[in-house]
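Notes follow the structure.
The values are calculated or read from the model by the stated rules, or taken from the named source; none is laboratory data. Predicted model only: the values in this text are computed from it and were never measured. Every residue, glycine among them, receives a Cβ derived from its backbone with ideal geometry; neighbour counts consider all protein chains shown. SASA here: full protein model, heavy atoms, side chains in, ligands and nucleic acids out. Shrake-Rupley method; radii C 1.70, N 1.55, O 1.52, S 1.80 Å.
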Amino acid sequence: MREFFFQSEQDQPHPARARAILKAHPEVRRLMERNPYTGLIAFSVVALQTAIAYGMGKLGIGFWWLSLLVAYGIGAFANHANYVIIHDATHNLIFRRRSWNRLTAILADLPNLTPGAMGFWVYHLRHHSHQGDYEWDADLANRWEARLVGNKWYRKAIWLMLFPVFQLTRPPRLRAIKMWDRWFSVNLAASVLYDIGVVYVCGWAGLLYLAFSFFFSVGLHPVGARWIQEHYTNDPDQETYSYYGPINRVCLNMGYHNEHHDLPSIPWNNLPKLRALAPEFYDCLKYHPSWSGLLFQFIFDERYTLFSRIERMKRSDNSAATIRGAAVNRKKAIAVEAEVAGV
């Protein structure tokens, strides 16, 4: 079993590929737009999940087993779609005003029952600017977390099932990350009010349905395999993977991850168009055809562990290369944050 992440001295591949794509296909710039209809999808999904929770509340807690089945078959996909909307809002790809994007993310976050949208906003932008940097990228598992899970199938299954819990343990290790601000307070207040409203109107059975939906949407479920698909690898020459399969239709193209990292200013509905316009850049990359197949492969293939990731190596603090690299990283971070802010 691996005991360390794959180490790389190379920069992440996406900025260079983005420049090459834009040089070869300047028409790709037309795909960089905002999609305000995404906000309508967010509202529709919240309404759907709340309506189902109301129905489950009417049936009562005795029908928990039906709630479990409906959450697995419908709720997980619904919550995951809203997770993608939170993701696009984070990149300011829904409305021009940043505040409207934040409000849309908070709305989409309601069925998750916990205030995660604004925390994701902060950590996801760092993931783009510092991909593979252990001190900045919360997408990398904690080293103790990876050793705890190991390569045993049952431990990996439990890790996926409790994935949101493990995510909460990662922020303390990150550098200079401020999470608590007025927008996090708004996110928290909205979440608490929605939870109280669900219990009051739908009862505890309705809340249980939403809890099932939340855990399935990010855990032990085919849509939960996207956490593995995106950056887990047993090939250190490729650190980002896309998924091209039918579930993209209900998950708002979340599988197009190489495309997203290359050009994060393209909204979810245009990502397949990017691949179609620049096939020579993507046809040569490995990809996953099935989230369900990947889920089983990750769990039962002992080669897969939480260490199956690329970590950017640190250079000596006294070297000129480090000074130049730090300056480049700062410029890239500023560029990425300016782009997602719509500057």
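Points to keep in mind about this one:
- Rolling a 1.4 Å probe over the protein heavy atoms gives the range 23-79 an accessible area of 58 Å² per residue.
- With both labels modelled 7 Å from their Cα along Cα-to-Cβ, the Met32 to Ser44 distance reads 2.9 nm.
- Largest first, the three principal axis extents of the alpha carbons in the range 1-74 are 58, 45, 13 Å in whole numbers.
- Note on Lys58: aspartates and glutamates with a C-alpha under 18 Å away, same-chain residues under 8 apart excluded, are Asp195.
- Length available on full extension from Arg155 to Leu22: 0.36 nm per residue minus the Cα-Cα distance, which gives 43.6 nm.
- Across the range 122-220, the volume of the C-alpha convex hull divided among the residues equals 114 Å³ per residue.
- Options Leu93, Trp144, Ser185, ranked by Cα towards positive dipole end of the chain, top entry (Cβ charges): Ser185
- Share of Cα-Cα pairs in the range 227-307 lying beyond 15 Å, as whole percent: 56 percent
- Rounded to the nearest 20 debye, the dipole size of the range 1-121 about its Cα centre is 460 debye, using +1 on the Cβ of Lys and Arg and -1 on the Cβ of Asp and Glu.
- Between Cys284 and Lys58, the modelled labels are 5.8 nm apart [label points 7 Å from Cα along Cα→Cβ].
- For the range 113-239, the per residue solvent-accessible surface stands at 42 Å², with DNA, RNA and ligands left out and a 1.4 Å probe.
- Note that the chain shows a convex hull volume over its alpha carbon atoms of 132 Å³ per residue.
- For q = 0.21 Å⁻¹, Debye-computed log10 I/I(0) when each Cα of the range 12-124 counts as one equal scatterer: -1.08
- Extent along the principal axes, Cα only, for the range 154-195: 40, 31, 8 Å, with the longest axis given first.
- R0 of 22 Å, Cβ-Cβ distance Ser185-Arg97: FRET efficiency to nearest 0.05: 0.70
- In this rough spin-label picture, where each label sits 7 Å from Cα along the Cβ direction, the Gln7-Trp65 distance is 5.4 nm.
- The chain, helix-only ellipticity at 222 nm - DSSP H runs n ≥ 4, -39,500 (n - 2.57), divided by all residues, nearest 500: -17500 deg cm²/dmol
- Computed magnitude of the charge dipole of the chain (debye, nearest 20; Cβ of K, R +1, Cβ of D, E -1): 520 debye
- Charge dipole (Cα centre; +1 on Lys/Arg Cβ, -1 on Asp/Glu Cβ; no other charges) of the range 29-188 amounts to roughly 260 debye.
- Solvent-accessible area, 1.4 Å probe, carbon plus sulfur percent, for the chain: 64 percent
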